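Beneath this line is the structure, given in structure tokens, with notes to follow.
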Amino acid sequence: MRRYNTLYYLLIVLLIMGTFASMAQNGYGAHVIGFVSITFGVLFLLQLYQSFSLVPTVSVRLNQLEFLGLAALSIIMSFRVFFIHFDYVELLFVVGGCIVIIAYIIRLWRRLVDQKEKNIKLTLLIICYYLSIIIFLVSMVTVPFTPSLAEPFGVVGFGLLLLFFLLSLVFNPLVLMGENTTSFRLVTQLKDRSVLLLSLFFLFTVYMGLTKIEVLPKMYSDEFPQEYYELINHAEMGLEKPVDGVYKHERFKEYYDLFVTRHGKSTPTK
């Protein structure tokens, strides 16, 4: 599965480029982000398919859970970017996140139980590392139904990640099995997508923090009026209940498309 790492990092670079393009008020930035999300989903589904040819060990089963959950999260994120909404999409997003959370809770437990040496330093690093991922994922899945909890969870997850970096500097080098190593080397040898997830979570948290204090501008799309995106955010955060099964942003888009159809093709008179 490590052969996909190069693709992961390339997609992260594209994601950063798309974000900066959106902040610079270039409409194509959102399309780049949507393309990256869909590509992530396809890669996870491909690896899920390939994993069924392996011997069904506990590690393989955990990878399959992770691939399934991450594919669901990535594809639904692409739906959000392209403003595709259907019934129970928020519930599917939560289910996908919970699947990944379960996989990482089991991984955390196994790492702690399977330690061949009772190394308190390694134990603390493992707890901070995996718990930061779990808390970040909890922050994601709480957005559709309890958005007030999402930000506090995100702050806790970011704090645990910073604590992991701090402890890594303090504890290095680690002595394991009589050999010197580093926490960062151990992390890169893990057979999961934890480094990828933490990279994305770190970038996203830094971006959200900088936009909140207005150091960076928010992402922009010129496809629809900005009020449309505000309505979508309200719906996704659970701040609005649909009327007759229709959200305000869906009604807005219906009328807006009708307006464009009627007036967009008209030629101005001289």
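Leaving ligands and nucleic acids out of the surface, order ILE38, ILE134 by accessible area at 1.4 Å, largest first.
From most accessible down to least: ILE38, ILE134.
Using a Förster radius of 30 Å, what is the FRET efficiency between LYS191 and ILE84 based on their Cβ-Cβ separation? Nearest 0.05, please.
0.35
Can you send over the solvent-accessible area of SER74, 1.4 Å probe, protein chains only, in Å² to the nearest 10?
Only protein atoms counted, so the area is about 20 Å².
With every protein chain left in place, what is the accessible area per residue of the stretch 36-130 in square angstrom, probe 1.4 Å?
52 Å²
Hand me the trypsin sites (Lys or Arg not before Pro) from the stretch 112-214 located in a DSSP loop with no more than 10 other Cβ atoms within 10 Å, in residue order please.
LYS116, LYS118
The values are calculated or read from the model by the stated rules, or taken from the named source; none is laboratory data. Every value quoted in this text rests on a predicted model; they were computed, and no experiment measured them. Positions of Cβ are generated from backbone atoms using ideal geometry, with glycine treated the same way; all protein chains shown enter the neighbour counts. Calculation scope for accessible area: heavy atoms of the full protein, side chains included, ligands and nucleic acids excluded. Shrake-Rupley method; radii C 1.70, N 1.55, O 1.52, S 1.80 Å.
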